[in-house]
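Contents: one structure, followed by commentary.
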Number of protein chains: 2
Amino acid sequence: MVAVKYEFIKQCKQTGARLGRVHTPHGIIDTPTFMPVGTQATVKTMSPEELKAMDAHIILSNTYHLFLRPGHDIVKRAGGLHKFMNWDRPILTDSGGFQVFSLSEMRKITEEGVHFRSHLNGDKLFLSPEVAMEIQNALGSDIMMAFDECPPYPAEYDYVKKSTERTSRWAERCLAAHARTDDQALFGIVQGGMFADLRVQSAKDLTSMDFPGYAIGGLSVGEPKHLMYEMLECTVPHLPANKPRYLMGVGSPDALIEGAIRGIDMFDCVLPTRIARNGTTMTSNGRLVIRNAKYTDDFGPLDPNCNCYTCTNYSRAYIRHLLKADETFGIRLTTYHNLHFLLQLMKDVRQAIKDDCLLDFRNQFFAAYGLNDNEKGF
Amino acid sequence: MVAVKYEFIKQCKQTGARLGRVHTPHGIIDTPTFMPVGTQATVKTMSPEELKAMDAHIILSNTYHLFLRPGHDIVKRAGGLHKFMNWDRPILTDSGGFQVFSLSEMRKITEEGVHFRSHLNGDKLFLSPEVAMEIQNALGSDIMMAFDECPPYPAEYDYVKKSTERTSRWAERCLAAHARTDDQALFGIVQGGMFADLRVQSAKDLTSMDFPGYAIGGLSVGEPKHLMYEMLECTVPHLPANKPRYLMGVGSPDALIEGAIRGIDMFDCVLPTRIARNGTTMTSNGRLVIRNAKYTDDFGPLDPNCNCYTCTNYSRAYIRHLLKADETFGIRLTTYHNLHFLLQLMKDVRQAIKDDCLLDFRNQFFAAYGLNDNEKGF
């Protein structure tokens, strides 16, 4: 009856970070983990085999985008999202809530749900807790997300309070509408903006509903990082220890480490794939902008400390050439490297938890990466 | 002292097609063969491992493009083109002649060479037999091509005659300037437009210079296919049987078969990769335009008779979705399929030569593909 189960292994003695495993119908996820984003049923430029080669345990796909195109009915008739996109490991789908608020046009929020126009063709559409469940049940993801409202930053206390209360009411409706509890787990999403008391209240509301996992939403929306970390610190203690905790939309190396330190198990972000398309790469010595002229005749790898496919086989000079010449293979190479970098980082974080030295690891990583205060970020 | 050698295996009893092998410093090429085009030191969207998985024996890269960007000095300092692009099988480079005439601006042809402006940034540049050899020696391709002029179609007899004679004089200069005969083979290019006597004269001029291989250039430039086949029929008998024969710029399935029937060993063309980027695919039942609405809910493979990576793992509905959503993974899938299709076709052609039934194979293939007259083409 429970599609997803969290297995706690141990806590780091230096921090609140925890090592664990999330068991799903499509396999086991070692946590803390990073989830590459496959918005439109594909992680941009990557094949499923490449994602496996870099040891991605789970990917995320976007309900809003698949609802618009190709439509969840097509994905369902294809045999579900796993089969449609040829990915047999776990998939998490978001609820569409965040995209409705960030991408769509002319949206109108009511207690019932959200009316909006498609950003693709202007079609009038409607999403609600019930519709979001119907879509995600059709997609067949291992982990579904409750339909929530993500308030902007900054926002007034009163607005955030009302929104957060509605998100709790919507969460109840999601639970009631979810039709595939045997093979799909529904996670609740804690909101509350940048207000500690609302975060705590939201966490209490949601944990009382007994979801199999909890996300923390509405962070990494433009606030300073110390505020995000404060919100984690006041929220996580109110989440149950026997369920996975997922911090939504976070993927900078520093925030992944800081999140893990604060007890987060799962992360996702478009950052590594998005910046890769502009030629920005993450390396053990910090950011590297490969289009820079100084790499024209640099025949070394992107990151001398990396053993990924890109760094094993190609030089900075070649990758720069491909990007300057608008060759998509260049973006394949930078995307591969950035995703591998974050997945390797999470492996290192897991090892550091095992070895009770995550704080030491954090300090070494930050020094090498040039991140000696939290605000700099990526 | 000879970098490339042709090994004749047998001739088909039904046609003039021949089975053979071309031995090069980077391995053996089974012929007749098709060479995927990697213009800018990458076969668009593909990795070297993918090209190997589809059994590409050799690829082509373009001297003109690499001269402009990143510059042959960069490729040379990277250790040569093979190392730069991570491809350890044979590479053929063209001479830049064709691109100077088709892409550059404000070109001026003199006996010495061609002055032109870069199509990228307007830089004034110069290519000549000597410069084309210098660039290709820097790139380090297994097979280099002589610097020639490719007359347009249609063109006057007198113009083509003068041009072809100059191409022969340039061929002598190429031989003299070629500095790496030990590990790079230089092929001559037969020109002569659509005039049989000029083709024969060009073939005689070039064979007297004893190149290790011969190309037939200046075809597939807009003329009707029967004219191309006539030109092949009057040229090939004047080429030596113990050297490879390469028909430049030809890649439609029908012309590959017709060329093989007329004794051609090597072909190249951007057609399979270029049409793949628009969503047009080659299948055993003819052309398939995957963006067509009727494939929205078609969950079968692109080609039910194909065992390539794309057809084994993905549906028409998924590929259509990716292309409609501007996802480059879709173009990877169509590119992979089209290249695999032509490489498999050449395997089938080789088997048919071995079995002395290439004419039967041609007729069956044409019927299935919907090609019952030569003019229809692809």
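Each value in this text was obtained by applying a stated rule to the coordinates, not by laboratory testing. Computed from a predicted structure; not experimentally measured. Positions of Cβ are backbone-derived with ideal geometry, glycine not excepted, and every protein chain shown enters the neighbour counts.
Which value in deg cm²/dmol, rounded to the nearest 500, describes the helix-derived mean residue ellipticity at 222 nm for chain A, given -39,500 (n - 2.57) per DSSP H run of n ≥ 4 and division by the residue count? Please list the in-between numbers first.
Numbers: 15 runs with 153 residues, N = 378.
Helices in chain A give a 222 nm mean residue ellipticity of -12000 deg cm²/dmol.
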Measuring from the longest principal axis of the C-alpha atoms of chain B, the long axis of helix B:196-207 (C-alpha) lies at a number of degrees, nearest 10, equal to 70
Within a 10 angstrom radius of the beta carbon, how do A:Arg362, B:Arg21 rank from fewest other beta carbons to most? B:Arg21, A:Arg362
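Could you tell me what percent of the DSSP beta bridges with both partners in the protein assembly as shown are antiparallel, to the nearest 5?
Working: 44 of 84 bridges.
Here the share of antiparallel DSSP bridges comes out near 50 percent.
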Need the C-alpha centroid separation for the range B:235-287 versus the range B:108-186, integer Å. 23
Which distances, in nm and shortest first, link the B:Asp158 label point to the same label point in every other copy, taking 7 Å along Cα→Cβ? 9.2
In the range B:58-166, the GluC sites (Glu not before Pro) that fall in loop regions by DSSP, at most 16 other Cβ within 10 Å: B:Glu111, B:Glu112, B:Glu156
Restricting to Cα pairs below 8 Å that are 6+ residues apart, what does the relative contact order work out to for chain B? Please round to a whole percent. 18
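Where Rh is the Kirkwood radius over the Cα pairs of chain B, the temperature 20 °C and the viscosity 1.002 mPa s, what D in µm²/s does Stokes-Einstein return? Walk me through the numbers before you get to the answer.
Working: Rh = 21.1 Å.
The calculation lands on 102 µm²/s.
Just the number, please: Stokes-Einstein D of the range B:203-291 in µm²/s, Kirkwood Rh from C-alpha pairs, 10 °C, 1.306 mPa s. Present the calculation step by step, with values, prior to reporting the outcome.
Details: Rh = 14.3 Å.
This corresponds to a translational diffusion coefficient of 111 µm²/s.
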Compute the long axis of helix B:157-177 from its Cα atoms, compare it with the longest principal axis of the Cα atoms of chain B, and write down the angle in degrees, 0 to 90, nearest 10. 80
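Counting DSSP beta bridges with both partners in the range A:53-143, what percentage is antiparallel, nearest 5? Numbers along the way, then the final one.
Working: 7 of 11 bridges.
Antiparallel bridges make up about 65 percent of those DSSP assigns within the range A:53-143.
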Convex hull of Cα atoms in the protein assembly as shown, direction-averaged projection (nm²): 33.6
Inter-copy label distances at A:Ala53 (7 Å, Cα→Cβ; nm, one decimal): 0.8
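For the range A:276-378, take N as its residue count and report Rg(C-alpha) divided by 2.2 N^0.38 Å. Intermediate results must be reported in sequence, preceding the final value.
Values: Rg = 14.6 Å, N = 103, 2.2 N^0.38 = 12.8 Å.
Ratio of Rg to 2.2 N^0.38 Å for the range A:276-378: 1.14.
Let me check against my output: what whole-number percent is the relative contact order of the range B:196-337, with C-alpha pairs under 8 Å and at least 6 apart?
Once normalised by length, the contact order is 17 percent.
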Between chain A and chain B, with a rotation axis joining them, whose C-beta in A is nearest that axis, and what is the whole-Å distance? A:Thr328, 3
Placing the label point 7 Å from Cα along the Cα-to-Cβ direction, what are the distances from B:Ala241 to the equivalent spots in the other copies, shortest first, in nm to one decimal? 8.6
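If you filter the range A:234-336 for trypsin sites (Lys or Arg not before Pro), then keep DSSP loop positions with at most 15 other Cβ within 10 Å, what is left?
Qualifying residues, ordered by number: A:Arg291.
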0 to 90° range, to nearest 10: angle between helix B:129-139 axis and chain B longest Cα axis: 50
